[in-house]
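Bear in mind that the values in this text are calculations on the coordinates, not laboratory data. All values derive from a computational prediction rather than experimental measurement. Quick reminder, even Gly has a Cβ in these numbers, built from the backbone with ideal geometry, and neighbours come from all protein chains shown.
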């Protein structure tokens, strides 16, 4: 009778070890896995960074569209045209002095 009792105890111990191993595995996967908490934090941080970059690029695009519109045939800003001519081509008026 004691041999049967020790087999049940060993089987229960194996079952308990298996269940504990599964619990540890799933806990580890929930924290460090591909879809775990640490991955979620990294994804959220990357999303915030990409949102900030998108906003910066949208502002830069709006500025470029404004400059393009100001130099278009429909609306010509002579001051901007003069500034661009000086910057790109290096022109200057005869009454100006260039200091480098």
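The distance linking region 54-79 with region 7-34 is 63 Å (Cα centroid to Cα centroid, whole angstrom). On the basis of the beta-carbon distance and an R0 of 25 Å, residue 38 and residue 18 show a calculated FRET efficiency of 0.40.
What shape does region 37-100 have by the C-alpha gyration tensor, where a ≥ b ≥ c are the square roots of the eigenvalues, rounded means a/c under 1.5, and otherwise prolate means a/b greater than b/c and oblate the rest? The partial results should precede the final answer.
Details: a/c = 7.22, a/b = 2.51, b/c = 2.88.
Verdict is oblate for region 37-100.
Can you give the calculated 222 nm mean residue ellipticity of the chain, where each DSSP H run of n ≥ 4 adds -39,500 (n - 2.57) and the sum is split over every residue, rounded to the nearest 500 deg cm²/dmol? Please report the intermediate quantities before stating the final value.
On the way: 3 runs with 72 residues, N = 100.
The helix contribution divided over the chain gives -25500 deg cm²/dmol.
Remark: spin-label model distance residue 29-residue 63 equals 4.9 nm, labels positioned 7 Å along the Cα→Cβ axis.
With the Cα gyration tensor of region 1-80 giving a ≥ b ≥ c as the square roots of its eigenvalues, does the rule (a/c under 1.5 for rounded; else a/b larger than b/c for prolate; else oblate) give rounded, prolate or oblate? It comes out prolate by the Cα gyration axes.
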